[in-house]
Amino acid sequence: MKKILLVVVAVALVAVGVVGTLAFQRAFEPSVRVTTTSIQEQLTNSSELATAKLEYRGLVRYEDGDIDFINKKGFTLVYDAEVRAGVDLSQASVEVSGNRITVHLPQAQMLGLEIDPNSLEFYDSTFALFNWENKQDTAEALKVAQQDAEGRVNQTGMIEQASAQAHALVENLLHPFTVGDNAYTITIVDA
């Protein structure tokens, strides 16, 4: 009878030890389980994240030829453009280590530039005697306008603004994991 009682007590002590260990582990692990895959899927589903937009009214001068009135022609083009900048979140990488989540964001970049064709206005047109064909002139002027708008992006600091906005948006997306007992710490860095 003593042997049976000792076996029952030993089994009970082992059971209490296992339950106590599990309770201790649960007390010190985060209340919400986060995996690298779950965060990566959320970011990838967001895909292209445009975080800055610039509406720009530009003015460019287009000229073709080099001798006035003979083969030199030109015009001034006024246009409206919309430029979007941001990050491609499908290129982001995530690391989860204990209670720390690290998100590596790709560099912000220009995501799109659209020139509104209905906004085009032509001024100061000059014509040439031997260079009057103008089928390609508008297309070439639009290329110059696009370069002008891209240059404006660099002057306004739009890429830096888009990067800062992307950091803030990802922080807000992951904010629910930072509250409560044993919350996660979020770190966002540029890749």
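The values are calculated or read from the model by the stated rules, or taken from the named source; none is laboratory data. Values in this document were obtained by computation on a predicted structure and should not be read as measured data. Quick reminder, even Gly has a Cβ in these numbers, built from the backbone with ideal geometry, and neighbours come from all protein chains shown.
For the range 165-181, give me each residue that is touching a residue at least 60 places away in the same chain (Cβ under 8 Å), loosely packed, with under 13 Cβ neighbours inside 10 Å and of a type outside the set (D, E, K, R).
Answer for the range 165-181, where residues must be touching a residue at least 60 places away in the same chain (Cβ under 8 Å), loosely packed, with under 13 Cβ neighbours inside 10 Å and of a type outside the set (D, E, K, R): Pro176, Gly180.
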Could you grab me the full set of residues in the range 154-191 that are touching a strand residue (DSSP E or B) at 6+ places or on another chain (Cβ under 6 Å), farther than 16 Å from Leu89 by Cα and not polar (S, T, N, Q)?
Met158, Tyr184, Ile186
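Could you please let me know if Glu55 is closer than 17 Å to Thr138 by Cα and charged (D, E, K, R)?
no
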Residues that are under 23 Å from Val189 (Cβ atoms) and at pLDDT 90 or above: list the strands (runs of 3 or more DSSP E) wholly contained in the range 94-170 that include at least 1 such residues.
100-105
I'm trying to understand the selection: among the residues of the range 94-104, which are touching a strand residue (DSSP E or B) at 6+ places or on another chain (Cβ under 7 Å) and surrounded by 14 or more Cβ atoms within 10 Å (Cβ to Cβ)?
Val94, Asn99, Ile101, Thr102, Val103, His104
Starting from the range 132-151, keep only residues that are assigned by TED's automatic domain parsing to the domain that holds Gly74 and over 14 Å from Leu77 (Cα atoms), then list their pairs with residues that are modelled with pLDDT of 85 or more and among the β-branched types (Val, Ile, Thr) whose Cβ atoms are within a distance under 7 Å, requiring at least 6 positions of separation or different chains.
none
Subset of the range 1-34 (residues that are polar (S, T, N, Q) and either within 21 Å of the chain's Cα centre (by Cα) or at pLDDT below 70 (or both)):
Gln25, Ser31
Residue that is nearest to Asp80 (Cα to Cα), among those in the range 148-158 that are buried (at least 17 other Cβ atoms within 10 Å of the Cβ) and under 17 Å from the mean Cα position of the chain (by Cα)
Val153
Identify all residues within the range 36-81 that are exposed (fewer than 14 other Cβ atoms within 10 Å of the Cβ), part of a loop (DSSP other than H, G, I, E, B), modelled with pLDDT under 70 and not aromatic (Phe, Trp, Tyr); write none if there are none.
Ser47, Ile67, Ile70
